[in-house]
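First the structure, in the form of structure tokens, and then the observations on it.
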Amino acid sequence: MIALPISIQMRILWTLAMGTVFVLLVQYQSSNVWPQQQSQLSNRLDPVAEDLVSLALSKVVIDDDMTLSKEVLLGITRQIARYVVYSSGCNVSPVNGSPSPSTIYIITPTYRRPEQIADLTRMAQTLMLVRDIHWLVVEDSEAKSQLLSSLLHSFGIRFTHLTAPMPKRYKTTKGAKPKGVANRNRALSWIRENANDGIMYFADDDNTYDVRLFNEMRYTQKVSMWPVGLCTKTGLSTPIVENGNLVGFYDGWIAGRKFPVDMAGFAVSVKFLQERPHARMPYKPGFEEDGFLRSLSPFEPREIELKADNCTKILVWHTQTKKNEPSSRVDVVKYKNTNIIDLKRIIV
Ligand code: UGA
Ligand code: MN
């Protein structure tokens, strides 16, 4: 370690102390926002407060000749605030003792379209804030896209890039298509071959994820569920909870489904999945979630673990990006030797 002058060391210590005070203040604030979980929240954050401050400080480069200016202090404070927000969640205490947190396998179907890179970039920026994940990005395509591959590398997230084209017979049929089904089944077989524990979650590339959602699902024993916002005209898809118990499902489209839930509204323990080698998603538009959850048999609605504080919080939104027409051709003669030629390779 480089020996720093005493005055700088004192300032760093002072900053650490101020940071800790700040963390405690934020905890106090957060517990006011969600009063019913005040005790759990402060219990959980206390031991990590020190880590948060250290992490925040590690992001700040301190040179020998640097004085801790107001800007530097402000930077540290902002960094601490971010870590506090990202590490907080709802009731995340592990069930039955304290199993160590395990990897979340995030399964994302994707396909080439004008919005693809924008959607995946936005999603990746969220995932960059989540610890211990493995992103399974499955392209609906015969071959891997080079552009997508280098984009995925650039995020620094642990990932596996796979392909699984939608079978031709579904591509050519009129009406609703089984979107993302081949992709998700491909990821399921990858998990069967490569994972023994952890959690799996189907996360479409155009939804909006609150980083706290991943804290919620991390301790799933069998299958966990939570509300999804912006789903159909009903505005919401969620288990209905009364006195802490599941009493039904709230969704705009029940259609005789045993599990009328949104794709973004549940996660499954990998161990539980491994014990059900025939579980898979059917090519049945509108019934993908229900079909998959039924294929986890034996599994009944009463076994569902309710997350997001008994389904009172919305931590994921079924957003949809506006569809854009592919861009028009570029005049390669006019723009020869300019950046436009390179940029045009990125966009659809
Ligand atoms: C809804 C559900 O939330 C999806 O999980 C479900 O797969 C889909 O309906 C369906 O119709 O089965 P929605 O927003 O309408 O989702 O569908 P998209 O977001 O367009 O597609 C779902 C996922 O599949 C996305 O991650 C998308 O990138 C991918 N996809 C879509 C493909 O891989 N290929 C396609 O041709 C279309
Ligand atoms: Mn979507």
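Tabulated data for the structure shown
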quantity: Overall form of segment 142-204 per C-alpha gyration tensor (a/c, 1.5; a/b vs b/c); calculated: oblate
quantity: Cα gyration tensor, segment 166-281 - rounded (a/c under 1.5), prolate or oblate; calculated: oblate
quantity: Modelled FRET efficiency - R0 22 Å, Arg345 with Gln125, Cβ distances, 0.05 increments; calculated: 0.50
quantity: Cβ-placed point charges (K, R +1; D, E -1), dipole of segment 139-286 about Cα centre in debye, nearest 20; calculated: 640 debye
quantity: Alpha-carbon Debye profile of segment 104-317, log10 I(q)/I(0) at 0.14 Å⁻¹; calculated: -0.84
quantity: Per-q log10 I(q)/I(0), segment 187-229, q = 0.28, 0.30 Å⁻¹ (Debye; single scatterer per alpha-carbon; no solvent); calculated: -1.19, -1.23
quantity: Segment 229-302 and segment 319-347: distance between their alpha carbon centers, rounded to Å; calculated: 40 Å
quantity: Violating pairs (Cα-Cα greater than 18 angstrom) within the set Lys258/Lys284; Lys177/Lys258; Lys168/Lys284; calculated: Lys177/Lys258
quantity: Segment 255-327: C-alpha gyration tensor shape, a/c 1.5 cut-off, then a/b vs b/c; calculated: oblate
quantity: Ascending count of other beta-carbon atoms within 10 Å, so fewest first, for Met128, Met225, Met123; calculated: Met128, Met123, Met225
quantity: Candidates per trypsin sites (Lys or Arg not before Pro) in segment 160-212, loop by DSSP, up to 14 other Cβ within 10 Å; calculated: Lys174
quantity: Proxy reagent accessibility, fewest Cβ within 10 Å first, across His153, His278; calculated: His278, His153
quantity: Added length on full extension, which subtracts the Cα-Cα distance from 0.36 nm per residue, Arg78 to Thr160; calculated: 26.3 nm
quantity: Percent antiparallel among DSSP beta bridges (both partners in segment 104-317, rounded to 5); calculated: 45 percent
quantity: Neighbour-count order for Asp197, Asp262, fewest beta carbons within 10 angstrom listed first; calculated: Asp197, Asp262
quantity: Calculated FRET value between Arg280 and Lys233, using beta carbons and R₀ = 35 Å, to 0.05; calculated: 0.70
quantity: Förster radius 30 Å - calculated FRET efficiency between Thr173 and Ile240, Cβ distance, rounded to 0.05; calculated: 0.30
quantity: Long pairs among Lys144/Lys344; Lys144/Lys233; Lys179/Lys334; Lys144/Lys171, criterion Cα-Cα beyond 28 Å; calculated: Lys144/Lys233; Lys179/Lys334
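No lab work stands behind these numbers, since they all come straight from the coordinates. The structure presented is a predicted model; accordingly, all values stated were derived computationally and were not measured. Cβ: placed from backbone, ideal geometry, glycine included. Neighbour counts: every protein chain shown.
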